[in-house]
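Below: the structure, in structure tokens.
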């Protein structure tokens with residue numbers, strides 16, 4: 001029975017570690033998506049600015 005209790009404690013610890021790793025992966029993915037969104041916004045703004053400049057030249 002003590003062995004089963006120890007095995008359960010070990011599995012619980014491993015499960016907590018895995019949950020932490022998954023949480024870190026999710027947070028990292030969120031940060032990457034946010035960065036990509038910011039880059040897309042900058043690109044869109046620059047394209048709009050370029051378009052505005054071209055319109056002024058005409």
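Coordinate-derived values only; no laboratory data. Small disclaimer: the values here were computed from a predicted structure and weren't measured. Counting neighbours? That spans all protein chains shown, and the Cβs are built from the backbone with ideal geometry, glycine included.
Could you please let me know if residue 4 is out of contact with any helix residue (DSSP H, G or I) (no Cβ under 8 Å at 6 or more places or on another chain) and surrounded by fewer than 10 Cβ atoms within 10 Å (Cβ to Cβ)? Don't jump to the end; show me each part of the working.
On the way: out of contact with any helix residue (DSSP H, G or I) (no Cβ under 8 Å at 6 or more places or on another chain): yes; surrounded by fewer than 10 Cβ atoms within 10 Å (Cβ to Cβ): yes.
Yes: the conditions hold for residue 4.
Determine the pairs where a residue that is in contact (Cβ under 8 Å) with a residue 24 or more places away in the chain, located within segment 12-27, has a partner that is in a helix (DSSP H, G or I) and surrounded by 10 or more Cβ atoms within 10 Å (Cβ to Cβ) with Cβ atoms under 7 Å apart, the partner being 6 or more residues away or on another chain.
No pair meets every condition.
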